[in-house]
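Contents: one structure, followed by commentary.
The values are calculated or read from the model by the stated rules, or taken from the named source; none is laboratory data. Just so you know, these numbers come straight off a predicted model, no measurement behind them. Ideal geometry is used to build each Cβ from the backbone, glycine not excepted, and the neighbour counts take in all protein chains shown. Each accessible area value is taken on the protein alone, full model and side chains, heavy atoms only, with ligands, DNA and RNA left out. Shrake-Rupley method; radii C 1.70, N 1.55, O 1.52, S 1.80 Å.
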Amino acid sequence: MKRLLPILFLAACGKHDPAQHAGPDLPSVPVKVQAAKWQPHTATEEVVGTVRSKLRAMVEAKVSGRVLEYTATPGAMVKAGDLLARLDVQEIQAKVDQAKAMLDQANRDFDRQKQLIASNATTRQDYDAADARVKVATAAVSEAETMLGYAKVTAPFDGVVTRKLADVGDLAMPGKPLLEIEAPTALRFEADLPEAILDRVTMGAKMQVKVASISSSLEAVVSEIAPVADPVSRTFQVKLDLPKADGLRTGQFGRVSVPVAEVKLLLVPKSAVMKRGQMELVFVVKDGKALLRLVKTGKSLDGQVEILSGLEEGEQVVISDVTKIADGQPVTIQP
């Protein structure tokens with residue numbers, strides 16, 4: 001290590017004197033090299049967001065009544081039309097009974113009017129009035145029975161119950177949610193984008209989303225862009241459809257990479273870079289010898305790493321067996 005320090009000092013200064021650190025004659029080592037070169041890259045800005053279900057609903061009662069029974073609990077899978085809760089609606093049952101009684105009376109009056117009109121013992125006006133009363137009473141029964149049916153709260157679609165917002169004995173009424181249900185199969189990513197980068201996002205565009213529980217990035221498609229900004233945060237909500245992936249669940253935290261500009265990066269393979277403590281080093285082939293060079297790296301991209309300083313375009317960088325080479329050692333470049 002003591003011998004390496006002056007070498008690194010010279011490397012940092014951009015100077016190389018092979019005669020000083022070649023030492024005894026070293027054997028030539030076959031190596032593979034690759035030229036450092038500028039490559040186009042899309043610069044991105046990461047924006048945090050949340051995984052949510054595309055289809056979710058707050059289920060409410062359409063009529064008022066005490067909750068008698070809950071048949072669905074959080075985490076339960078339900079089908080469309082399955083019973084979720086049942087309400088106590090005795091007053092609606094009374095209206096149904098009343099409407100049926102009125103219909104029964106109207107039918108008897110109409111039957112009597114039919115007999116009387118056949119013998120010309122009543123007027124056509126009385127007959128039509130009896131017929132109208134039957135129709136009104138029939139509609140009243142249908143309305144009351146429909147309201148009675150609302151005493152059974154059912155699932156609007158296939159999904160999973162995520163939250164229970166009331167208990168048995170609570171008063172249910174329109175506008176007061178009883179539970180929350182969502183479809184776990186169709187998921188999307190929702191993020192609030194600053195207005196400065198909103199123009200970089202278009203409908204149907206594909207962007208990469210990273211979620212902690214998923215090892216690789218997910219390719220999401222922009223499906224919705226809010227037309228107006230939030231007046232407090234000055235951001236626009238953007239929704240992206242996510243592909244199916246194991247381990248993906250609603251409520252998870254994630255980041256979406258929004259492309260903001262096209263740039264060029266000086267890239268070399270990751271295998272060329274060595275780390276010694278806080279220092280990053282590469283071997284550059286010059287005049288048939290491998291010379292240590294102190295560099296500073298940036299982003300890692302698909303097996304390559306960005307070089308911020310220490311290299312110039314076109315320099316030949318050793319990409320194989322870098323740990324087996326000494327500074328100033330002769331090398332033979334392999335094809």
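With no solvent and one equal point scatterer per Cα, compute the Debye intensity ratio I(q)/I(0) for the chain at 0.12, 0.13 Å⁻¹ and report its log10, rounded to two decimals. So the normalised log intensities work out to -0.96, -1.02.
Placing dummy labels 7 Å off each Cα toward the beta-carbon, the span from residue 32 to residue 296 is 3.1 nm. Between residue 219 and residue 142, the FRET efficiency from the beta-carbon distance, with R0 = 45 Å, is close to 0.30. To put it simply, the accessible area of the stretch 203-324 at a 1.4 Å probe is 49 percent carbon and sulfur.
In nm², what is the average projected area of the convex hull enclosing the Cα atoms of the stretch 200-275?
For the stretch 200-275, the mean projected area of the Cα convex hull comes to 8.3 nm².
Annotation for the stretch 288-335 versus the stretch 151-180: alpha-carbon center distance of 64 Å. Taking the stretch 287-311 and a reference point 7 angstrom along Cα→Cβ of residue 260, the backbone N atoms nearer than 17 Å belong to 299-300.
Once the C-beta distance of residue 111 and residue 83 is scaled by a Förster radius of 35 Å, the resulting FRET efficiency is 0.35 to the nearest 0.05. 3J(HN,Hα) couplings calculated from phi for the stretch 102-117 with the Karplus curve 6.51 cos²θ - 1.76 cosθ + 1.60 (θ = phi - 60°) are, in sequence order, 5, 5, 4, 5, 5, 5, 5, 5, 5, 4, 5, 5, 5, 5, 5, 5 Hz; Gly and Pro show x.
For residue 279, nonlocal amide neighbours, meaning residues 5 or more places apart or on other chains whose placed amide H falls under 5 Å from its own, do not occur.
Multiplying the residue separation of residue 208 and residue 274 by 0.36 nm and subtracting their alpha-carbon distance yields 20.8 nm. For the stretch 125-246, the spherically averaged projection of the C-alpha convex hull amounts to 14.9 nm². Distance distribution P(r), the stretch 50-105, all Cα-Cα pairs, bin width 10 angstrom from 0: 17, 35, 26, 15, 6, 1, 0 percent. Solvent-accessible surface of the stretch 97-165, averaged per residue with a 1.4 angstrom probe and all protein chains in place: 64 square angstrom.
Accessible area per residue for the stretch 249-335, computed on protein heavy atoms with a 1.4 Å probe, is 53 Å². In this structure the amide hydrogen of residue 329, modeled in the peptide plane, comes within under 5 Å of the amide hydrogens of 290, none closer than 5 places in sequence on its chain.
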